[in-house]
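Q: The structure under discussion is supplied below as C-alpha cells; questions concerning it will follow.
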Amino acid sequence: MRRLGLTTVLALLPAVFGLAPGASAADPAPADLAFATDAATTTPGGTVRLSMTFTNNKSYDVLFVHQTIQPTWLTTQRPDLKYGFTGCTLATAAGSAPCAGTGPADLGANYGATVPPGQSRTVTLTLRIAADSGCNGDIGFYSYYYAEFSDATSISGGPVFTPETRVLCA
C-alpha cells in the first residue's frame, strides 16, 4: 500500500508544479471561408472583385456548401451607395468557369461539386458601383456558411466579414 501511495504522489508532482506536458494545439477548423478584394478603393462607375475561398481542412470530402452574403449594417445605412453583383466565376484547374448564380441566395452551389480534403475552391464576384453612387462611404459584406462532409458531419460558420471597399469621389 505504501508503494502505491508513493507512486501516486510521484506521478502527481509534475502536474502540481506545472511540469506535465501541455495539451496539444487545437486542430484547425474543419472548414474556412476567407475573403479578399482586388482593390481597397474604387470610384462611382468602377468595379471591385470580391474573392471567397472555401477550404476543406478535414480528412473527408465536403459534399455540400450553403453560403449567404449580405451587406453590413453600416453599408445599409448609406442609401446613396449604389452597387450590385454583376458577375461570378469559379476558379478551376482549367481556368475560370461561370458560377451557377449570384446574389445572397445560395452562393455555396457555386463552389462546384465535391471539395476534397485539404483543397480550396475560390469564387469571385464582381461588384459594380453605380455611376451615380454616393461617395466617401464603405461597402462591406458578411457571410454565413454551412458545409456537410462525407463522414455525415456538418459545420456552420460565420459571420465572416469581407474587406470593406471605399467609394471615393474622383
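The values are calculated or read from the model by the stated rules, or taken from the named source; none is laboratory data. The model shown is predicted, which means the values in this text are computed figures rather than measured ones. Please note: Cβ atoms are built from the backbone with ideal geometry, for glycine as well, and neighbour counts cover all protein chains shown. Just so you know, the surface numbers come from the protein's heavy atoms only, side chains and all, with ligands and any DNA or RNA stripped out. Shrake-Rupley method; radii C 1.70, N 1.55, O 1.52, S 1.80 Å.
Q: Looking at ALA109, ALA131, ALA147, which one is in contact (Cβ under 8 Å) with a residue 40 or more places away in the chain, in a helix (DSSP H, G or I) and of a type in the set (A, V, I, L, M)?
A: Of the residues listed, the single one that is in contact (Cβ under 8 Å) with a residue 40 or more places away in the chain, in a helix (DSSP H, G or I) and of a type in the set (A, V, I, L, M) is ALA109.
Q: Still on this model: Just to check your reading of the model, which residue among ALA91, ALA109, ALA147, ALA100 is open to solvent by less than 30 Å² (accessible area, probe 1.4 Å) and not aromatic (Phe, Trp, Tyr)? Quick ask: steps written out before the conclusion?
A: Working: ALA91 fails: open to solvent by less than 30 Å² (accessible area, probe 1.4 Å); ALA109 fails: open to solvent by less than 30 Å² (accessible area, probe 1.4 Å); ALA100 fails: open to solvent by less than 30 Å² (accessible area, probe 1.4 Å).
Of the residues listed, the single one that is open to solvent by less than 30 Å² (accessible area, probe 1.4 Å) and not aromatic (Phe, Trp, Tyr) is ALA147.
Q: Here's something else I'd like to know. With the requirement that a residue be in contact with a Phe, Trp or Tyr (Cβ under 7 Å, 6 or more places away or on another chain) and hydrophobic (A, V, I, L, M, F, W, C), what does segment 44-62 give you?
A: LEU50, MET52, PHE54, VAL62
Q: Now, a different point. Evaluate segment 44-56: report whether one residue or more is assigned to a loop (DSSP other than H, G, I, E, B), at pLDDT 85 or above and open to solvent by 50 Å² or more (accessible area, probe 1.4 Å).
A: Applying the first criterion (assigned to a loop (DSSP other than H, G, I, E, B)) to segment 44-56 yields 44-46.
Now drop any that are not at pLDDT 85 or above, which leaves 44-46.
Narrowing further to those that are open to solvent by 50 Å² or more (accessible area, probe 1.4 Å): none.
No; the residues of segment 44-56 include none that is assigned to a loop (DSSP other than H, G, I, E, B), at pLDDT 85 or above and open to solvent by 50 Å² or more (accessible area, probe 1.4 Å).
Q: Right, another one. Would you be able to say whether some residue in segment 75-87 is open to solvent by less than 70 Å² (accessible area, probe 1.4 Å) and within 27 Å of SER59 (Cα to Cα)?
A: Checked against the condition, which is being open to solvent by less than 70 Å² (accessible area, probe 1.4 Å) and within 27 Å of SER59 (Cα to Cα), segment 75-87 yields no hits at all.
Q: Shifting gears a bit: Would you mention how many residues in segment 150-170 are of a type in the set (A, V, I, L, M), over 17 Å from LEU107 (Cβ atoms) and either at pLDDT below 90 or open to solvent by less than 60 Å² (accessible area, probe 1.4 Å) (or both)?
A: Count: 2.
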